[in-house]
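**Q** Pasting in a structure now, in structure tokens, and then I'll have a few things to ask.
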Amino acid sequence: MANDASVVSDAAPSGQLAASSRESRIDPNANPFTPPADSSLWRKSFLLGAATASYQIEGAVHEDGRLPSIWDTFSATPGKVLAGDTGEVACDHYHRWESDVDLLASLGLEAYRLSIAWPRVMDAAGQPNRKGLDFYRRLLTRLKEKGIQTFVTLYHWDLPQHLEDRGGWLNRDTAYRFADYADLVSREFAGMVDAWATLNEPWCSAFLGYGNGHHAPGLANGRYATQAMHHLLLAHGLALPVLRANDPASKKGIVANIGRGTANSDSAADRRAAELFEMQHNAWILDPLLKGAYPQDLFELWPGTEPLVLDGDMQTIAAPLDFLGINYYFRTNVESDGGHGFREVPLEGVERTQMGWEVFPDGLRDLLIGFSGTYRNLPPIYITENGMASDDKVVNGRVEDTQRIAFLKRHLGAVDEAIKAGVDVRGYFLWSLMDNFEWAFGYERRFGVVHVDYSTQKRTVKRSAELVSGFLEERKTRGS
Ligand code: IFM
């Protein structure tokens, strides 16, 4: 492969890409990403895409009538984000979206998961912001022209600040405002979206945002976390019928980040600790969605945090889903805290990523198989995020992200094992298409399969992306 083929985009927002240079450059036999011959990944129906989120890539936070979000406020607060980074410019995707779509297409990725910024498309009175809507219309139109499937998340954490000023997710009214927002965008973009996800990772919004304050809006109170979760899930449940009415042909679902917890010893207390870890990470979200009830263990773990739930809420929340998006990153090893809870015991000598997260693909397989046993009504699954951060550097125009290549291959192997065990997994999205604003860690942590030089906005395709792309090319000819 020509060395300069990995550099496909320069600083010009509308720069043309050397897209055609990406074709058939990987020798399939020498591609370390290529899955085994019997892998489900060879099925052409198994969707392979990449994901991003609005606040993490768009920038242009003051442009075209966009209102402030809670992440603008939080990141502008000293001490909240590493190095004082903010999403003000990010990857400048708002201006570079055309070349970013060309890049996605040049890699042969089949689907793109993006999110819409609520504060960009709706004003404080609930009226549409045409300029913001037009941005997404152009983006979705171009993706369709390129034959790329669109998975659109409505809420990837950028709550309009004016709603936070009225209580944010602690205010039940926010759930109804979310349904209005879902109504607006699904009327606008009906027919342009393959799959709508209402929320991304409600665990993070509720627990990190309201329970421990690591994320916006930065509140730290257990009772707040459970109430915020209830209103987030209610927002999801209120939005679902709206999406179904406005855009009947698309799939509708939600995205949950799931966590694997393992016990530090075989003692009954440590095994219970691991159960509790997974209960608060997974069942807190999946039980209301799929069983219509919160796990009672939650309120034993966090006594006195029962949220206010009104009649009918749980039925609203448990409306049937067309798909469940699963985001998976790592496992947490725990022991009993000696009381009714758990505490983390980091394992020594295990492989970790730039985030310090353990590389543990078996956790993904085991959770998927476990869910299919626990939830009889488990809908088809898409792995809507998986990936890792590494301190990637461009050297002679190339980025050799060796750890990521092995990470992706092993996690896709785990997905394949789950499929072979009977779990209905239909696709997988790399997190992320490009390096971006990693929330409280700012720009230091690089999750992209495309490197971004934040001083020039130059995009450089990493080796991992070249290999995924080479595999997709090969699948077109050899796949079933
Ligand atoms: O960057 C985030 C993303 O926004 C949500 N899921 C986890 C990713 C990595 O931390």
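**Q** Quickly run through segment 389-420 and pick out the residues that are buried (at least 20 other Cβ atoms within 10 Å of the Cβ), acidic (Asp, Glu) and closer than 24 Å to Thr460 by Cα.
**A** Asp392, Asp401
**Q** Still on this structure, I have one more. For residues in segment 365-401 being farther than 30 Å from Pro320 by Cα and among the hydrophobic types (A, V, I, L, M, F, W, C), which is nearest to the ligand (Cβ to nearest atom)? Let's see the steps before the verdict.
**A** Applying the first criterion (farther than 30 Å from Pro320 by Cα) to segment 365-401 yields 388-401.
Next, only the ones that are among the hydrophobic types (A, V, I, L, M, F, W, C) stay: 388-389, 394-395, 399.
Values: Met388: 9, Ala389: 7, Val394: 21, Val395: 25, Val399: 19 Å.
That would be Ala389.
**Q** Determine which member of the set Phe189, Phe151, Phe135 is touching a residue at least 12 places away in the same chain (Cβ under 8 Å), within 16 Å of the ligand (Cβ to nearest atom) and touching an Asp or Glu at 6+ places or on another chain (Cβ under 8 Å).
**A** Numbers: Phe189 fails: within 16 Å of the ligand (Cβ to nearest atom); Phe135 fails: within 16 Å of the ligand (Cβ to nearest atom).
The unique qualifying residue is Phe151.
**Q** Something else now. Does Asp38 satisfy the criteria of being under 20 Å from the mean Cα position of the chain (by Cα) and modelled with pLDDT of 95 or more?
**A** Values: under 20 Å from the mean Cα position of the chain (by Cα): no; modelled with pLDDT of 95 or more: yes.
Criteria not met by Asp38.
**Q** Could you tell me which of the residues Asn212, Asn221 is surrounded by fewer than 24 Cβ atoms within 10 Å (Cβ to Cβ), within 16 Å of the ligand (Cβ to nearest atom) and of a type outside the set (Phe, Trp, Tyr)?
**A** Working: Asn221 fails: within 16 Å of the ligand (Cβ to nearest atom).
Within the list Asn212, Asn221, the selection yields Asn212.
**Q** Another one. So, in segment 40-79, exactly how many residues are within 16 Å of the ligand (Cβ to nearest atom), assigned to a loop (DSSP other than H, G, I, E, B) and of a type outside the set (S, T, N, Q)?
**A** Within segment 40-79, residues that are within 16 Å of the ligand (Cβ to nearest atom), assigned to a loop (DSSP other than H, G, I, E, B) and of a type outside the set (S, T, N, Q) number 3.
**Q** Just a yes or no: is a residue in segment 109-126 in contact (Cβ under 8 Å) with a residue 24 or more places away in the chain, acidic (Asp, Glu) and crowded, with 24+ Cβ neighbours inside 10 Å?
**A** Filtering segment 109-126 for residues in contact (Cβ under 8 Å) with a residue 24 or more places away in the chain gives 109-124, 126.
Of the ones still in play, those that are also acidic (Asp, Glu) are 110, 123.
Now drop any that are not crowded, with 24+ Cβ neighbours inside 10 Å, which leaves none.
Scanning segment 109-126 turns up no residue that is in contact (Cβ under 8 Å) with a residue 24 or more places away in the chain, acidic (Asp, Glu) and crowded, with 24+ Cβ neighbours inside 10 Å.
**Q** Mind checking which residues of segment 207-242 are in a loop (DSSP other than H, G, I, E, B) and among the polar types (S, T, N, Q)? Spell out how you get there, then give the answer.
**A** At the first step, the residues of segment 207-242 found to be in a loop (DSSP other than H, G, I, E, B) are 212-221.
Once the filter is applied, which keeps residues that are in a loop (DSSP other than H, G, I, E, B) and among the polar types (S, T, N, Q), segment 207-242 yields Asn212, Asn221.
**Q** Here's another thing I want to ask about it. Considering each of Glu358, Glu335 in turn, give the residue that is touching a strand residue (DSSP E or B) at 6+ places or on another chain (Cβ under 8 Å), over 25 Å from Pro288 (Cβ atoms) and within 16 Å of the ligand (Cβ to nearest atom). Outline the logic, then answer.
**A** Numbers: Glu335 fails: within 16 Å of the ligand (Cβ to nearest atom).
Just a single option satisfies the conditions, and that option is Glu358.
**Q** Now for a separate question. Answer with yes or no whether Glu348 is acidic (Asp, Glu), in a loop (DSSP other than H, G, I, E, B) and either touching a residue at least 40 places away in the same chain (Cβ under 8 Å) or away from the ligand (no atom under 15 Å from the Cβ) (or both). Steps first, answer last, please.
**A** Values: acidic (Asp, Glu): yes; in a loop (DSSP other than H, G, I, E, B): yes; either touching a residue at least 40 places away in the same chain (Cβ under 8 Å) or away from the ligand (no atom under 15 Å from the Cβ) (or both): yes.
Yes; evaluated as a whole, the condition is true for this residue.
**Q** Another question, then. Could we say that Ser469 is surrounded by 20 or more Cβ atoms within 10 Å (Cβ to Cβ), touching an Asp or Glu at 6+ places or on another chain (Cβ under 7 Å) and hydroxyl-bearing (Ser, Thr, Tyr) here? Let's see the steps before the verdict.
**A** Numbers: surrounded by 20 or more Cβ atoms within 10 Å (Cβ to Cβ): yes; touching an Asp or Glu at 6+ places or on another chain (Cβ under 7 Å): no; hydroxyl-bearing (Ser, Thr, Tyr): yes.
No; evaluated as a whole, the condition is false for this residue.
**Q** Moving to a separate point now. Given the conditions (1) more than 16 Å from the ligand (Cβ to nearest atom); (2) under 23 Å from the mean Cα position of the chain (by Cα); (3) in contact (Cβ under 8 Å) with a residue 40 or more places away in the chain; (4) under 19 Å from Gly261 (Cβ atoms), which single one is not true for Asp322?
**A** Among (1) more than 16 Å from the ligand (Cβ to nearest atom); (2) under 23 Å from the mean Cα position of the chain (by Cα); (3) in contact (Cβ under 8 Å) with a residue 40 or more places away in the chain; (4) under 19 Å from Gly261 (Cβ atoms), the lone unmet condition for Asp322 is (4).
**Q** Continuing with this model, one more query. Does Arg43 meet the test of being over 20 Å from Glu438 (Cβ atoms), of a type in the set (Lys, Arg), out of contact with any Leu (no Cβ under 6 Å at 6 or more places or on another chain) and buried (at least 21 other Cβ atoms within 10 Å of the Cβ)?
**A** Details: over 20 Å from Glu438 (Cβ atoms): yes; of a type in the set (Lys, Arg): yes; out of contact with any Leu (no Cβ under 6 Å at 6 or more places or on another chain): yes; buried (at least 21 other Cβ atoms within 10 Å of the Cβ): no.
Here the answer is no, as Arg43 does not meet what is asked.
**Q** Here's a follow-up. Considering Val461, Val425, which residue is in contact with a Phe, Trp or Tyr (Cβ under 8 Å, 6 or more places away or on another chain), surrounded by 19 or more Cβ atoms within 10 Å (Cβ to Cβ) and in contact (Cβ under 8 Å) with a residue 12 or more places away in the chain? Please lay out each step first, then the result.
**A** Values: Val461 fails: in contact with a Phe, Trp or Tyr (Cβ under 8 Å, 6 or more places away or on another chain).
Every option except Val425 fails the conditions.
**Q** Then there is this: For segment 402-445, give me the residue count where each residue is away from the ligand (no atom under 11 Å from the Cβ) and either at pLDDT below 95 or in a loop (DSSP other than H, G, I, E, B) (or both).
**A** Within segment 402-445, residues that are away from the ligand (no atom under 11 Å from the Cβ) and either at pLDDT below 95 or in a loop (DSSP other than H, G, I, E, B) (or both) number 8.
**Q** What number of residues in segment 194-217 are over 18 Å from the mean Cα position of the chain (by Cα) and closer than 20 Å to Ala53 by Cα?
**A** 1
**Q** A further question follows. Scan (1) out of contact with any helix residue (DSSP H, G or I) (no Cβ under 9 Å at 6 or more places or on another chain); (2) without any contact (Cβ under 8 Å) to a residue 24 or more places away in the chain; (3) farther than 21 Å from Ala182 by Cβ for the single condition Phe277 breaks and write down its number.
**A** Every listed condition holds for Phe277 apart from (2).
The values are calculated or read from the model by the stated rules, or taken from the named source; none is laboratory data. In this text the structure is predicted, and so the values were computed from the model without any measurement. Cβ sites come from the backbone with ideal geometry, for glycine too, and all protein chains shown count toward neighbours.
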